[in-house]
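Engineer: Take this structure first; my questions come after.
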Amino acid sequence: MSLGEYYPILVQIALALGIGVIILVASHIFGQRSKSTDLKDSAYECGMLAEGSGHARFAVKFYVTAMLFILFDLEVVFLIPWILIFRDFMVANISILVPMLFFLFVLIFGLVYELKKGALEWEK
């Protein structure tokens, strides 16, 4: 093996180290410096002073909606491989339509159940 085969890897390592050094130097040059503790303890990204506590409370409804979104989003992701290989199974005379229709039935049944229970309604 010649050294020329490792050239792309060496370039990538050099770029990664170079970008890291540039970011650190730029932060040191342009960074905010102050001797007062008020300025040091304030948020770096924002020019406004913080009001109230930093930990806002969220309603349980928000978390339930987020979990349902993740659940149904993951179930829909399982459909993508089926769509991609459906033609290959049809060529091989293997029917995967019935199992996938069952999967879709369970998915739709769960969605209808959640809609009837009112889990996706914000205002009650």
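Engineer: Quick one: is Glu51 at pLDDT 85 or above, among the charged types (D, E, K, R) and surrounded by fewer than 11 Cβ atoms within 10 Å (Cβ to Cβ)? Before the answer, list the steps.
Structural biologist: On the way: at pLDDT 85 or above: no; among the charged types (D, E, K, R): yes; surrounded by fewer than 11 Cβ atoms within 10 Å (Cβ to Cβ): yes.
No: the conditions fail for Glu51.
Engineer: Can I ask one more? Of (1) exposed (fewer than 10 other Cβ atoms within 10 Å of the Cβ); (2) under 23 Å from the mean Cα position of the chain (by Cα), Thr65 satisfies all except one. Which?
Structural biologist: (1)
Engineer: Limited to region 62-89, what total is found for residues that are within 27 Å of Glu121 (Cβ to Cβ) and not hydrophobic (A, V, I, L, M, F, W, C)?
Structural biologist: Narrowing region 62-89 to residues within 27 Å of Glu121 (Cβ to Cβ): 62-79.
Checking which are not hydrophobic (A, V, I, L, M, F, W, C) leaves us with 63, 65, 73, 75.
Matching residues across region 62-89 total 4.
The values are calculated or read from the model by the stated rules, or taken from the named source; none is laboratory data. Not measured: the values here are computed from a predicted model. Glycine also receives a Cβ, built like all others from the backbone with ideal geometry; neighbour counts cover every protein chain displayed.
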